[in-house]
Every structure is written in C-alpha cells, then in structure tokens.
Number of protein chains: 2
Amino acid sequence: MSKYWSEAIRSLTPYVPGEQPKGSNIIKLNTNENPFPPSPMVLEAIHQFDTDRLRLYPDPDSSALKQSLADHFHVKTDQVFVGNGSDEVLAHTFMAFFRHPEPLLMPDISYSFYDVYANLYGIDVRHIPLQDDFCIALDDYSEANGGIIFANPNAPTGRALTLDQINALLQRNTESVVVVDEAYVDFGAETAIKLVEQYSNLLVVQTLSKSRSLAGMRVGFAIGSAELIDGLERVKNSFNSYPLDMLAQVTATAAIKDVAYFTQTTQQIIKTREWTNEQLLALGFKIIPSKTNFVFASHRYIEAAELMGFLRTHQILVRHFSRPGIDNHLRITIGTEEEMHAMINCLKRHPDIISM
Amino acid sequence: MSKYWSEAIRSLTPYVPGEQPKGSNIIKLNTNENPFPPSPMVLEAIHQFDTDRLRLYPDPDSSALKQSLADHFHVKTDQVFVGNGSDEVLAHTFMAFFRHPEPLLMPDISYSFYDVYANLYGIDVRHIPLQDDFCIALDDYSEANGGIIFANPNAPTGRALTLDQINALLQRNTESVVVVDEAYVDFGAETAIKLVEQYSNLLVVQTLSKSRSLAGMRVGFAIGSAELIDGLERVKNSFNSYPLDMLAQVTATAAIKDVAYFTQTTQQIIKTREWTNEQLLALGFKIIPSKTNFVFASHRYIEAAELMGFLRTHQILVRHFSRPGIDNHLRITIGTEEEMHAMINCLKRHPDIISM
C-alpha cells in the first residue's frame, strides 16, 4: 500500500493466472494450453519475416489480421476488433460498454477475471447462480442491467449453452450489451457469431490462445455490430494505438488462414477428451459434460486438493479453485494422448483409487 | 455514437498516431522511428526461438527481460515494470497514480497522448505553459497537484531539462508522483533513473521503440521505487496478465543486452542530427536545440504546412501538428545520412527556399 496510489487501486484484487513452471519434464494440464504446436504456416510466417522492419511501428489497425478474421467468419472488417489477448479485448469491453448505473449480470461461477475488470472500472456486479447441474441459467438474467457477460462454454465448468438459448436471451435483452466469451467454443460448442447480424448489442469474444495454439503470442478478437466495434476502437485508441506487435499480427493471420490444421488439431483434442472422460468415470470421478479443451471433474471419495497434490508430486499440474461450490473439482486440460495416458496411469497409482 | 456505449466513452477524443504508409519508396521521417534495424542479437533471438513453445502462455512477469533491465540500469527487479509499449505503461501509470482530487500538471505542449489518458480515466488536468523558448518551466509546477508528468526531452519540441532541474522539482514536490517520460533520452539527454533511489515518488518511463529500433515489437518499461512498481503491477494484473508475448520478451531482452550496437547507432543518429541542423539553418530554418532523434523546425518565410505538402509530393513524410503555438513547425525524424541528404536536397528544390 502506498500513499501515492490512486484510491481505487488500493482495493484491487488482481487476477492470479495459472502457474507457468520454468522446468521441463512437467506435464502441464493447468492452463488449458493446446498440446499441439501452432500451424506450420505460423512458423513460416516468422521465418519469412523481414526483421529489419521491426524498427518501424506496426500497423495500428492490424488490417491484414482483421481481413483474415472477416473472411473466416463472413463479416465485414468494421465488425472485427483485435487486441493483445482476449484479456485485453475483455478489459476494453468492460470500459466501453458496462459502466452504466445498472449492475452487470454474470454467472456466479465463470472466468474469474470478469470480477477483476469490474472492480478495476468501478462496475457494480450482480452474480446469478448457476443451476445445480452447473448450467448457466439464462432465464434468470431478467432484471434491469447495464450489461450481461458469460463464457460459452463456461469456464471452469466446461458446460455449453445452445444457440437457441442465447438467441432467446437476446430477444428479451435489447437495451444493454450481451458479451459471449467464446474462448473454448472451437472444441464442440456453437458460436454466436451467426447472431451478430441480427442483434446490434451482441459482442462475441474469441482468442487464438486455445484452439489456434498461440497462447504465447497474445491475440484475441471480438466480432459484433459496427457500432460496438467503434466503441472498442475508441477505447483502444485512447489506451494504446499499437496493441499488436508485427510478429503477433503475422502469426495470428497465418493461424487463422490454416483452417485444415485448426480442424485436425481441435478434432484430435475432442477425441482425447472423450477418451479421458471415459477413463475418469471408470476411476470413480463425476464428470460435467465438456465442450472445451478441459474436463471439470470431482472424485466420489477423494478430495480434489488431495488429488491435485498427488499429481503434482508426480510432475503433473492440474488446476484447483478454492472457491466454495467448485472447491472439490479439478480442472484438467486435455493434452496429447500420451500426456492423458500418463495422467490416468498416475491416478491409478493413488492408494485410494479403485478402478471400476 | 451508440446507446450501448458507457457514457464516458462518448466524449473520448482518441489519439491519432502518425501515418504508417503501406507503399515502399517513401522516406518516412514522420514517426520518430530509428533508421537502423534492430541489433543482430534480436534477429538471432527470433531465429533461435523454438516456435513450438508458442502454444504455451508467456511468462506473465517477463522475468528475464526485467532482469536484463535491472542489470543495465543498476536497480532491483522489483523496481522494474514492463508493458506493451511505453503507451501501455503510461496508461497504467495514469490509472495507478493520477486519479486524485487535485489536478494533474503537465506542459501545455507535450506528447498529446497524455490528455487522452487523462480523459479516459476522468483525471482533471492543469496545463502549464512552456517558456517562450519552448523549455518546460518546472518552477511553475508549484500548486497542489495529484501528479506531474512531462517528457524529457520534450516532444515534439526536442528540448531537454537538466538533471539538476528535475532534482529541484522532486525536492519540493514530495506528495504526488512525478513521471518523467524518457522516450527520447538516449539521443543526448540525461536520464532521471539515477534519482530513483532518492525519491520514492519518481517514475521514469522509457521505450525500446526509438533508441533500440524495436517499435515493431511494442515494449516499454518504467523504473521507480518498489512501491510505485507494485501499484503498476496491481493495475496490470487487473487488466491483462500477459501483456508481452514470448517474442516481444526475447527480442527486447536481446536488444537491451547489446549495448555496443545501441551506443553505435544512437551516436550515429546524433551525428546525423547535428548535420541536419546545420543544413536546415543554412536553408533559413529556425531550429530548437534537440536532444532527440528528431528536429523541430520552422522556416522564416515559408509555412510549415506548405513545406510538409511539398515534401510529401516528393515521397518524404514529416509530421506537422495543427495545434496553435506549434502549427508553424515541422517535426522531422532523423533518418539515415542518405535519407537526410535526400530531404535537404528536396527542400533546396522548393521555389521559395534560398540557401544562405
């Protein structure tokens, strides 16, 4: 604490990201990274890049990247916003659209950064409880609000809403912005981008960190009506004119263009997820149906914290949240087949685990 | 304008960066970029980088980069903050330290992004006029304030303050944060980093975009007391855990370590600047003494806007600001010797220019 800090800074509770261990030999299933390297086209983009150009400022508008996203999603370039990871896109979204007198509505269990942004920008939040089966209860998002945000599929539960459910929400909630955070959508859920033409208050946020294997390059984007994108651009250009460096722009553009690689790797992860689910069920876990690149599981008899510690002693990292309601669950990222075999085999060696 | 925007967003006046033309054959002296490519060590860092790692999140703390900066400037790592360009560092600085009841003091002519940040975060500003010779009048920064910020050397004037002048300000201004933005300091001015141990309210901001030829990679940093750095980390971790991608971290670290290349290229730019000054004087320009990689010049008879247009028709871009008080000046970046010869020769062809 310092007398020099702005007052609001004193009460911040910053987000704590998952651990990034520096050693090798660790099986890292704790931050939902993709087990596959980025597309070969990403490598080629880096190796063909003329590094002398790094002396110049990058394109402040990331025009080539926006064009590739517009082409890929069949929207216009003025419906695309890009940022330094979807975290930056979300931060600007809170600033641009959620600072209203009415509270922001969000699930009580979701990406924990949402509360951090709200706190940073002084936004009132009303948390809406998940249903008992961990589904987002969109019917309960009915009061007057200054905005709605949720992740679909939700994190860390992995559960997805249908497009019909989201459509129904948008039909009745027309006076505030609805943000659908689709960080994990490519692993089996349905994107709401197809509703963007219909609803000028819908903003869909995605990232290249998960399904495009580019967490290391920090690129996220939002797709919505031109009037929402214009609001985001105003915030961005009042904050940092050049959020994406040259190499982030060229690698992200290459990753978006390589649809074949994207399809192949996401399908493989879905296949490995289903295998992992079966194995975990056979070891006495309860599983929430996941449409993401992770599973959210609790064991019938053994505490999650105990299992996390056990895996950790065997160099396998998974994530555990101490938040009441989910503190007996593990969030396990889907790695390669080999990594998931190793994780399952490790669990089988736990003294209290009995294969069924 | 949209009913969905937060109210404060409606009154924003975003920053407008200098033009980034997409064609080649243009002599680009309009955004103070370095004419030399980045250090060969930067190229090597990119080519040796294992691109498979891009599937993982980067180090959220940029530890290796912070260590290289701490070593270079003889401070501790907890006195170093890094961000996505000094623009992001400055944005977080405004959020962390300047939101107080008293106004922020800054020069009336300086980096125009300062007013944009203040507007974004709802900070009152009191502009202190420059002296008639364009020097920052630090003696006039005496009223109660919620912070002080200025660029040293100042932009777009190029004028530098001495360390003694900054020291005197810090002696009398102890209750608010003083930010010295040293984007251009390496071209002949003296850094205030050596005062950081003495004054816990001093924050010095620098960038790798100018003297390290890395504008394309977007890396800036701040050095100050641990308590100020902690305040910035709280904002950063409430905004974006991973502001620097992996390649930004490795290229910036390499650039900081190559002191020999840095010294050689900055010295060359200083030499070319002095040559350019002499030539401009001989063509009837008035020059403000510059400690930066640009000169700020006005012609005795010919209007700046006219000269900018003339150069532009010959594929040479320089910057002109329409702000009253400086609207008859050109800001001309120092390029290579060849580029400056071309610029001078072009001016000589202007019908109203008479060599003296």
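Can you tell me which residue within region A:55-67, out of those that are touching a Leu at 6+ places or on another chain (Cβ under 9 Å) and part of a helix (DSSP H, G or I), is farthest from the other protein chains (Cβ to nearest Cβ)? So, considering only residues that are touching a Leu at 6+ places or on another chain (Cβ under 9 Å) and part of a helix (DSSP H, G or I), the one farthest from the other protein chains (Cβ to nearest Cβ) is A:65.
Kindly provide the set of residues from region A:104-145 that are aromatic (Phe, Trp, Tyr), within 23 Å of residue A:291 (Cβ to Cβ) and under 20 Å from the mean Cα position of the chain (by Cα), ordered by number.
We begin by selecting, within region A:104-145, every residue aromatic (Phe, Trp, Tyr); these are A:111, A:113-114, A:117, A:121, A:134, A:141.
With within 23 Å of residue A:291 (Cβ to Cβ) added as a condition, the list becomes A:111, A:113-114, A:134, A:141.
Within region A:104-145, A:111, A:113, A:114, A:134 qualify.
Residues that are more than 10 Å from every other protein chain (Cβ to nearest Cβ), over 20 Å from the mean Cα position of the chain (by Cα) and part of a helix (DSSP H, G or I) are absent from region B:3-23 altogether. If you scan region B:36-51, which residues turn out to be of a type outside the set (Phe, Trp, Tyr) and more than 7 Å from chain A (Cβ to nearest Cβ)? Of everything in region B:36-51, those that are of a type outside the set (Phe, Trp, Tyr) and more than 7 Å from chain A (Cβ to nearest Cβ) turn out to be B:39, B:40, B:41, B:44, B:45, B:47, B:48, B:50. Residues in region B:85-125 that are of a type in the set (Asp, Glu) and buried (at least 24 other Cβ atoms within 10 Å of the Cβ): 2 in all. The set of residues from region A:126-143 being crowded, with 17+ Cβ neighbours inside 10 Å and assigned to a strand (DSSP E or B) comprises just one member, A:128.
For residue B:292, the conditions (1) in a loop (DSSP other than H, G, I, E, B); (2) within 14 Å of chain A (Cβ to nearest Cβ) are fulfilled apart from (2). Among the residues making up region A:210-250, those that are more than 7 Å from chain B (Cβ to nearest Cβ) and of a type in the set (Ser, Thr, Tyr) are A:211, A:225. Would you mention how many residues in region B:177-190 are in contact (Cβ under 8 Å) with a residue 60 or more places away in the chain and either of a type in the set (Phe, Trp, Tyr) or touching a helix residue (DSSP H, G or I) at 6+ places or on another chain (Cβ under 8 Å) (or both)? Residues meeting the conditions: 8.
Kindly indicate whether residue B:276 is closer than 20 Å to residue B:337 by Cα, among the hydroxyl-bearing types (Ser, Thr, Tyr) and in contact with a Gly (Cβ under 8 Å, 6 or more places away or on another chain). Show your work before the answer.
Values: closer than 20 Å to residue B:337 by Cα: yes; among the hydroxyl-bearing types (Ser, Thr, Tyr): yes; in contact with a Gly (Cβ under 8 Å, 6 or more places away or on another chain): no.
Answer is no for this residue.
Exactly one residue out of A:116, A:82, A:89 is under 30 Å from residue A:254 (Cβ atoms), hydrophobic (A, V, I, L, M, F, W, C), outside any loop (DSSP other than H, G, I, E, B) and in contact with a Pro (Cβ under 8 Å, 6 or more places away or on another chain), and it is A:82.
Before we move on, is residue B:213 over 30 Å from residue A:5 (Cα atoms), in contact (Cβ under 8 Å) with a residue 60 or more places away in the chain and assigned by TED's automatic domain parsing to the domain that holds residue B:158? Yes, satisfied.
Just one residue in the set B:94, B:98 is out of contact with any Leu (no Cβ under 7 Å at 6 or more places or on another chain) and of a type in the set (Phe, Trp, Tyr); that residue is B:94.
List the residue pairs whose Cβ atoms are under 7 Å apart, where the first residue sits in region A:120-132 and is more than 14 Å from residue A:147 (Cα to Cα), the second is β-branched (Val, Ile, Thr), and the two are 6 or more positions apart or on different chains. If the second residue must be β-branched (Val, Ile, Thr), the pairs left are A:130/A:109; A:130/A:136.
For (1) part of a loop (DSSP other than H, G, I, E, B); (2) within 12 Å of another protein chain (Cβ to nearest Cβ); (3) modelled with pLDDT of 95 or more; (4) within 30 Å of residue B:148 (Cα to Cα), each residue gets a yes or a no:
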position	(1), (2), (3), (4)
A:31	yes, yes, no, no
A:53	no, yes, yes, no
A:69	no, no, yes, no
A:110	yes, no, yes, no
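Which residue is farthest from residue A:274 (Cα to Cα), if the candidates are limited to region A:144-167 and must be touching a helix residue (DSSP H, G or I) at 6+ places or on another chain (Cβ under 8 Å) and in a helix (DSSP H, G or I)? Ranking the candidates gives A:167 first. Comparison of A:249, A:206 shows that the only residue that is surrounded by 22 or more Cβ atoms within 10 Å (Cβ to Cβ), touching a Pro at 6+ places or on another chain (Cβ under 8 Å) and polar (S, T, N, Q) is A:249.
The values are calculated or read from the model by the stated rules, or taken from the named source; none is laboratory data. Everything quoted here is computed from the prediction, not taken from an experiment. Cβ sites come from the backbone with ideal geometry, for glycine too, and all protein chains shown count toward neighbours.
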